[in-house]
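Novice: Supplied in structure tokens, the structure appears directly below.
The values are calculated or read from the model by the stated rules, or taken from the named source; none is laboratory data. This is a predicted model, so every value here is computed, not measured. Positions of Cβ are backbone-derived with ideal geometry, glycine not excepted, and every protein chain shown enters the neighbour counts. With ligands, DNA and RNA removed, areas are computed over all heavy atoms of the protein, side chains included. Shrake-Rupley method; radii C 1.70, N 1.55, O 1.52, S 1.80 Å.
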Amino acid sequence: MHKLKSFLPVLFSALALITALALPDSPLHPEAQAPFLSYVFAAVLIVTAVLFFVGLKSPRYTKKYTHKAPFCCGVLAFLTVLNILTVKTAILPVLYFPSLDRVAGVLITDAAFIGKCLLYSLRLLITGWVCGAAAGIFTGIAIGVNPGARYWVYPLVRVLGPIPSTAWVPLVLVSFPTVVSASAFLIALAVWFPTTVLTSSGIGSIQNSYFEAAATLGASPGYTIFKVAVPAALPHVFIGLFNGTTASFITLVTAEMLGAKYGIGWYINWQKEMMSYANVYAGLIVMSITCYLLITFLFKFRDKVLIWQKGVIKW
Amino acid sequence: MVGGIEISHVNKEFTNPQGETVRALHDVSLSIAPGDFISLIGPSGCGKSTLLRLISGLISPDSGSVKLDGGDITSPGSDRGFMFQEHTLFPWLNIYDNIAFGLRARKIFRGSEKLVDEFISLVGLKGFEKYYPHQLSGGMCQRASLARALVGHPKVLLLDEPLGALDAFTRMNMQDEILRIRAEQNMTMIMVTHDVDEAIYLSDRIVVMTPRPGKIISVVDVGLSHPRARGGEDFLAYHAKILRLLNYTISKPEPDYYL
Ligand SMILES: Nc1ncnc2c1ncn2[C@@H]1O[C@H](COP(=O)(O)OP(=O)(O)OP(=O)(O)O)[C@@H](O)[C@H]1O
Ligand SMILES: [Mg+2]
């Protein structure tokens, strides 16, 4: 059973490679620079074959891979179907669904430029994210522990928070000196709102008995805030940060329409206007991989910080 | 000697979620000498925890006064250690940091690291310092809470069913430890328990309470010298006496049935 499971990806990548090489391309599709997709399938075939043989010898090492094997097959099958629907038969509209070879081609030949765009985006995203997260945690704690702040600031949060970042664009453009600072502000705003709300509600939902225990142990109010309220609210804070992070990705694309010179969101929009959809897909792939990695990093960090939690919520 | 408590004519009412008034304590007076060991015993809801919370300063009386060494108790403080009925170890701190919490909060941790280790071994948790509360059994958590309340050398130690989650054997060991600590540190101890034998084994005086409204019906002086023989004749006589008092509180008909 295990052997079959880890053999299937070998079979699927072989089939994918055969489809890519043996079936003739439709003449409707512009020719790609090179058969990149076949290279990819060939590489996958080699890797899966190696993993299969390693698995035969010592199944211990490939346990994780065996578990993921059916999923690999699914991905290969999806790519093959897409390959057939696009370049092999041109069933899908040729303009909007370029061949996978061309998408892969863009990723390889345009890598330097896309990389530069990515760096610009990351700079913007990280600046905005850090400011928004810091401000959100600070506001959340203030609202959570201070009745005065709760009275004055919380209504403001409730009113300002749900406004979508696009709606701020006209105001932000006239109030910030540079496009970069305006864009960073929009991203910070998107992170700030959920972080604030969840930090303060996290503090609000802490069992009173923890505060009582701290008081009988002689802790001052300040000490109690930082050593009881904040750590107890951290699971909520991370949910807020997670929501803020997804919101920041959406805002990034909006923010880069304000007149950025580079940026992955800007790149996608620009290529869309030029009707070169292969580049659009390449940009989307880079963007989704980046978001995936950033979220994964956030989760890893959270698991480290919240090691004390029993049965941590898995996303 | 410090740690004397004077409770006089204390009343305390609560409003429950249905809006009804609950008389948790009604005209309660009790005088506790420094170094005394007092047990509070009585059916559920008779105001035992409420009395401890008044002494700790977490709540204040509606009328009457609660004094520690002559001064009014107005707020919680580290001179009155509290081991809560429910488990209140901080889940984000490991056992060591939980026990050291009070010392760190009062900025007296430097130089008393030894003390923390001492109390960890005293409650039998050596080797579990790095564990988080959710990784320990209920009984181990209770012992850690006890150490956390003790390590700051309070004048008065308030114990709300401290040994409830322990097996009979560990429980008896812990009772001896509590007696030893008390003798060593001269603390006043006030303990809520449902175990009559435990109350007799440990206490100088046993306060028997009754619910609705919560009040003290009797204070029994335990005139036995330590160490007390759990199965001894005198011991059993006290046992019968306390049970009689408790029985009386339970079987006494509600006043509403008369008239
Ligand atoms: N914060 C509160 N709000 C409302 N009612 C309360 C509150 N605290 C205590 N009470 C009520 O006061 C009464 C006495 O409660 P208390 O917790 O002191 O009882 P207890 O003797 O400790 O009982 P147990 O043995 O079950 O712990 C109960 O009827 C309880 O419902
Ligand atoms: Mg109680």
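Novice: Using only protein heavy atoms and a 1.4 angstrom probe, determine the accessible area buried between B and A, summed over both sides, in Å² to the nearest 100.
Specialist: Buried area between the two chains comes out at roughly 2000 Å².
Novice: Per residue of B:86-94, count partner chain C-beta atoms within 10 Å of its C-beta, then hand back the mean as an integer.
Specialist: Per residue, the average neighbour count from other chains is 5.
Novice: Could you work out which residue, out of A:Gly283, A:Gly259, A:Gly202, moves most in a Gaussian network model of chain A, that is, has the largest mean-square fluctuation with Cα springs under 10 Å?
Specialist: Judging by the Gaussian network model, the answer is A:Gly259.
Novice: How many partner chain Cβ atoms sit within 10 Å of a residue's Cβ in peptide A:218-228, on average, as a whole number?
Specialist: For this peptide, the per-residue mean of nearby foreign Cβ atoms is 4.
Novice: Can you give the average number of partner chain beta-carbon atoms within 10 Å of each beta-carbon in peptide A:204-215, as a whole number?
Specialist: 5
Novice: May I ask you to list the trypsin sites (Lys or Arg not before Pro) in the range A:237-312 that are in a DSSP loop and have at most 16 other Cβ atoms within 10 Å of their Cβ?
Specialist: When the trypsin sites (Lys or Arg not before Pro) of the range A:237-312 are filtered for loop state and at most 16 Cβ neighbours within 10 Å, A:Lys261, A:Lys310 remain.
Novice: How large is the helix-only mean residue ellipticity at 222 nm for chain A, computed as the sum of -39500 (n - 2.57) over DSSP H runs with n ≥ 4, divided by its residue count, in deg cm²/dmol to the nearest 500?
Specialist: Here the helix-only value at 222 nm equals -25500 deg cm²/dmol.
Novice: Which whole-Hz couplings ³J(HN,Hα) result when phi for each residue of the range A:156-168 is put into the Karplus expression 6.51 cos²θ - 1.76 cosθ + 1.60, θ = phi - 60°, listed in order with x for Gly and Pro?
Specialist: 4, 4, 5, 7, 7, x, x, 5, x, 4, 4, 5, 7
Novice: Mind listing the phi-derived Karplus ³J(HN,Hα) values for the range A:209-220, rounded to whole Hz, using 6.51, -1.76 and 1.60 with θ = phi - 60°, and x for any glycine or proline?
Specialist: 5, 5, 5, 5, 4, 4, 5, 6, 8, x, 7, 6
Novice: Related question: Could you list log10 I(q)/I(0) for the protein assembly as shown at q = 0.05, 0.06, 0.07 Å⁻¹, which the Debye formula gives when each Cα is one point scatterer?
Specialist: For the protein assembly as shown at q = 0.05, 0.06, 0.07 Å⁻¹, log10 I(q)/I(0) is -0.39, -0.53, -0.66.
Novice: With r defined as the distance between the Cβ atoms of B:Ala33 and A:Ile285 and R0 fixed at 60 Å, what FRET efficiency is calculated, to the nearest 0.05?
Specialist: E(calc), rounded to 0.05, equals 0.15.
Novice: According to the square roots a ≥ b ≥ c of the eigenvalues of the Cα gyration tensor, what is the shape class of the range A:176-315, taking rounded for a/c under 1.5, prolate for a/b larger than b/c otherwise, and oblate for the remainder?
Specialist: prolate
Novice: Between the range A:96-117 and the range B:173-191, what is the C-alpha centre distance in whole Å?
Specialist: 75 Å
Novice: Which cross-chain or sequence-distant (5 or more) residues have an amide H under 5 Å from the amide H of B:Ser218, H modelled 1.01 Å from N in plane?
Specialist: B:Val208
Novice: May I pose another question? Sequence neighbours fewer than 8 away in the same chain don't count; with that in mind, list the lysines whose C-alpha is under 28 Å from A:Lys300.
Specialist: Within reach: A:Lys63, A:Lys64, A:Lys68, A:Lys116, A:Lys227, A:Lys310, A:Lys314, B:Lys130.
Novice: Here's another thing I want to ask about it. Note down the nm distance, to one decimal, between modelled labels 7 Å out along Cα→Cβ at B:Glu13 and at B:Glu118.
Specialist: Once both label points are built, they end up 4.8 nm from each other.
Novice: Still on this structure, I have one more. Percent antiparallel among DSSP beta bridges with both residues in the protein assembly as shown, to the nearest 5?
Specialist: About 55 percent, rounded to the nearest 5.
Novice: When only alpha-carbon atoms are used, what values of Rg and Dmax, in angstrom, describe the range A:2-96?
Specialist: Here Rg and the maximum Cα pair distance are 15.3, 48 Å.
Novice: Also, I was wondering about something else. Given the C-alpha centroids of the range B:17-35 and the range B:225-244, what is the distance between them in whole angstrom?
Specialist: 28 Å
Novice: Tell me what chain B gives for mean residue ellipticity at 222 nm when only DSSP H runs of n ≥ 4 count, each as -39,500 (n - 2.57), the sum divided by the residue total, rounded to 500 deg cm²/dmol.
Specialist: -10500 deg cm²/dmol
Novice: Cut-off 10 angstrom, C-alpha nodes, Gaussian network model of chain B. Which of B:Ser44, B:Ser29, B:Ser225 fluctuates the most?
Specialist: Maximum among the listed residues: B:Ser225.
Novice: What FRET efficiency comes out for the pair A:Ser175/A:Lys261, r = Cβ-Cβ distance, R0 = 22 Å, nearest 0.05?
Specialist: 0.60
Novice: Now a separate question. Report the relative contact order of chain A, percent, no decimals, based on alpha-carbon pairs under 8 angstrom and at least 6 residues apart.
Specialist: Reported relative contact order: 19 percent.
Novice: For chain B, with a Gaussian network of springs between Cα atoms less than 10 Å apart, report the residue from B:Arg230, B:Arg53, B:Arg171 with the top mean-square fluctuation.
Specialist: Evaluated over chain B, the most mobile residue of the options is B:Arg230.
Novice: Which one, A:Leu156, A:Asn146, A:Met275, is farthest towards the positive end of the dipole of the protein assembly as shown when Lys and Arg carry +1 and Asp and Glu -1 on their Cβ?
Specialist: Result: A:Met275, furthest along the dipole toward the positive end.
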